[in-house]
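I have placed the structure first, in the form of structure tokens, so that the comments after it can refer back to it.
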Amino acid sequence: MFDPSLVALRGPLDPNLIDLGYGYPDPALLPVEAMQRASAEALRRFGSNMLSYGANAGPTPLLDWLRVRLGGYDGRTPAPDEVMTTPGNSGALDQLLTLFTQPGDVILVESPTYHLAIRVMRDRPLELATVAADEGGLRPDALDEAISRCMHNGKCARALYCVPTFNNPTGASLDLARRKAIVDIAARAGILIFEDDVYRELTYDAPAPPSLWSLDERGVVLRMGSFSKTLATGLRVGWLTAHRDHIQRIVDGGLLDSGGGHNHFAACVVAALCESGEYETQVDKLRAAYRERRDALLDALQAHLPAGCVVRRPGGGFFVWIELPDGTNTARLLLTAEAHGMSFLPGSRFFLDGGGEDALRLCFTLYAPEALAAAASRLGNALRATPAQNV
Ligand SMILES: Cc1ncc(COP(=O)(O)O)c(C=O)c1O
């Protein structure tokens, strides 16, 4: 008998371990029936066109729907030639690196940042340089300094990669003043911003702040969005909004010229699902479930963690970031935590070159509230079992 789990990248395997290290959605919340309906409807409607090479920029019904949707929850509506589909944010970043960087360029990377974006960038002959962040996210003064440092060393800073809204791993969102300052600094320095906007729709308290892209009149920002977090990671469908010249460059590039639009079949299914109204229903369901899970985890952390731990409250996204009292090394704490039946990702994973050794990231989307509360209690026990200076 065929084991259906063999088609998927595996998540947590040990039933005795509550693993808050994986940044995955809960499989029980994925829209299986809605996808069945959307696939049938898309095939009925698009027929053999759905099985052909797709238009390079993506299927028009999806692009039209995206423009209206983005106009409703971001600072401005993209024009028809300012948006295209992508294979999700991982593939979009890879493609931006292909077309907008040269070997030896410096890419500025906020720290901490999404650890697997670092992997994508390190696959290239690029130099990565840190830009520091604080509780409010990426610091404009640190961006200024990083650009000056590059110039001083005779290097070319080509782009900044950042996650300014519901950051992975910290959950921080930049306020409007920082957003404007960062776009201005990049424009003055002549560098691009690769804005990773993957969590925008998963907001639990208030509307997300406007994207950097929506504040940019000068073609500085290329904003990557994705259906991974709101519909399903397996679709590999996302989108990019950027100046029409940047979009044109990608649409005319060799990859799309040869293969047609990214993941055309899946993009057509997403178009049908979005047009049916089921996207809205799914996002509402996820927001309610994830808000409840975030709150359950935060309450339990407050009840179970020893004094001195600083827990950041995220307004959206997937993650809670915790800073532990001085001297606590979370890479070593992980062994004790796993012996107590829970797991997490140590903070150092999210830095380029040192930092975050006393911090950790918890994901609150994969497990139900009861399991999250149990994980927080186990983490508290692990911390009490290993005093800071010995951890
Ligand atoms: C900040 C960030 N960017 C990108 C991704 C991956 O996005 P996609 O599935 O669209 O490639 C993730 C997934 O965890 C993420 O947290």
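The values are calculated or read from the model by the stated rules, or taken from the named source; none is laboratory data. None of the values given here were measured: they were computed from a predicted structure. All Cβ positions, glycine included, derive from the backbone under ideal geometry; neighbour counts span all protein chains shown.
Couple of notes before you dig in:
- In the set (1) surrounded by fewer than 22 Cβ atoms within 10 Å (Cβ to Cβ); (2) modelled with pLDDT of 95 or more, Gly355 fails one condition alone, (2).
- The residue that is nearest to Thr130 (Cα to Cα), among those in the range 336-369 that are in contact (Cβ under 8 Å) with a residue 24 or more places away in the chain and part of a helix (DSSP H, G or I), is Phe350.
- Pairs linking a residue in the range 38-50 that is aliphatic (A, V, I, L, M) to a residue that is surrounded by 13 or more Cβ atoms within 10 Å (Cβ to Cβ) and outside any helix (DSSP H, G or I), with Cβ atoms under 8 Å and 6 or more positions apart or on different chains, are Ala38/Ser276.
- Residues that are within 16 Å of the ligand (Cβ to nearest atom) and within 28 Å of Leu30 (Cβ to Cβ) number at least 1 in the following helices (runs of 4 or more DSSP H) confined to the range 236-325: 264-275, 278-304.
- Among the candidates Val163, Val131, the residue that is surrounded by 15 or more Cβ atoms within 10 Å (Cβ to Cβ), free of Cβ contacts under 8 Å to residues at least 40 places away in the same chain and closer than 23 Å to Thr101 by Cα is uniquely Val131.
- Top-ranked residue in the range 166-194 [being of a type in the set (A, V, I, L, M, F, W, C), touching a residue at least 40 places away in the same chain (Cβ under 8 Å) and not in a loop (DSSP other than H, G, I, E, B); ranked as nearest to the ligand (Cβ to nearest atom)]: Phe194
- Single residue of the range 113-138 satisfying the filter (within 25 Å of Phe344 (Cα to Cα), part of a strand (DSSP E or B) and hydrophobic (A, V, I, L, M, F, W, C)) that is farthest from the ligand (Cβ to nearest atom): Ala132
Quick grid of which residues meet (1) under 29 Å from Ser173 (Cβ atoms); (2) crowded, with 21+ Cβ neighbours inside 10 Å; (3) not charged (D, E, K, R):
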site: Arg44; (1), (2), (3): no, no, no
site: Pro87; (1), (2), (3): yes, no, yes
site: Leu99; (1), (2), (3): yes, no, yes
site: Gln102; (1), (2), (3): no, no, yes
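- Restricting attention to the range 194-208, the residues being touching a Ser or Thr at 6+ places or on another chain (Cβ under 8 Å) and charged (D, E, K, R) number 4.
- Odd one out for Glu110 among (1) farther than 19 Å from Leu222 by Cα; (2) in a strand (DSSP E or B); (3) out of contact with any helix residue (DSSP H, G or I) (no Cβ under 7 Å at 6 or more places or on another chain): (1)
- Residue under evaluation Asn56, criteria (1) polar (S, T, N, Q); (2) closer than 30 Å to Ala189 by Cβ; (3) assigned to a loop (DSSP other than H, G, I, E, B), criterion not met: (2)
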